């Protein structure tokens, strides 16, 4: 199955990853700004939706997804972690899973695809009820360079769903049932 990279992807994206025979992450597509590649939606304790966006370095020309660098001019990691903590700290499983996700918000990772890969791999391991390595960010998926000028917007309904962390922090090991 060929998928684009996604930041804190929705549950249906994770289900697709877990049920497919093989996953390839598209890295040669043109990076689309303001998409699930560098943003996600979560719900806070009041049920309001919040958007978390990983800032990326601006370029004058279009670039492949694999070449997108994360910008650290703002304290986005701190802001994302504080938002995740305030939205989920009272859920039943936040304390159990937080230690696996927090390292991604404490170190600088150069490439967006590496951040997404590390977070997605960690989330998939947690969904499988397997303990991942803390803060593991090296590439875990296969990548394709078979660029086909694809646009994912119309073909993946999960792009508008909230992040899997909504369900994971609430249901824990029961998430995929």
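A short reminder: the numbers here are calculations on the coordinates, not readings from a lab. Note that this is a predicted model, so its numbers are computed, not measured. Glycine gets a Cβ as well: all are built from the backbone with ideal geometry, and neighbour counts include every protein chain shown.
For the listed peptides 27-36, 7-16, 71-80, a ranking on the average number of other beta carbons within 10 Å per residue, highest first, reads 7-16, 27-36, 71-80. In a fully extended conformation the segment linking residue 12 and residue 28 would gain 3.5 nm over its present Cα-Cα distance, using 0.36 nm per residue. The simple spin-label model puts a point 7 Å past each Cα toward its Cβ; for residue 128 and residue 57 those points are separated by 3.3 nm.
Relative contact order for the stretch 4-96: 25 percent, from Cα pairs under 8 Å spaced at least 6 residues apart, divided by residue count. Taking a label point 7 Å from the Cα of residue 171 along the Cα→Cβ vector, which residues of the stretch 14-31 have an amide N closer than 16 Å to it? Taking a point 7 Å out along Cα→Cβ of residue 171, the residues of the stretch 14-31 whose backbone N falls under 16 Å are 14-19. In the stretch 1-65, what % of DSSP beta bridges are antiparallel (nearest 5)? Antiparallel bridges make up about 65 percent of those DSSP assigns within the stretch 1-65. Approximating the spin labels as points 7 Å out from Cα along Cα→Cβ, the residue 85-to-residue 73 distance works out to 2.7 nm. Judged by the mean number of other Cβ atoms found within 10 Å, the most tightly packed of the peptides 48-61, 91-104, 162-175 leads the ranking 162-175, 91-104, 48-61.
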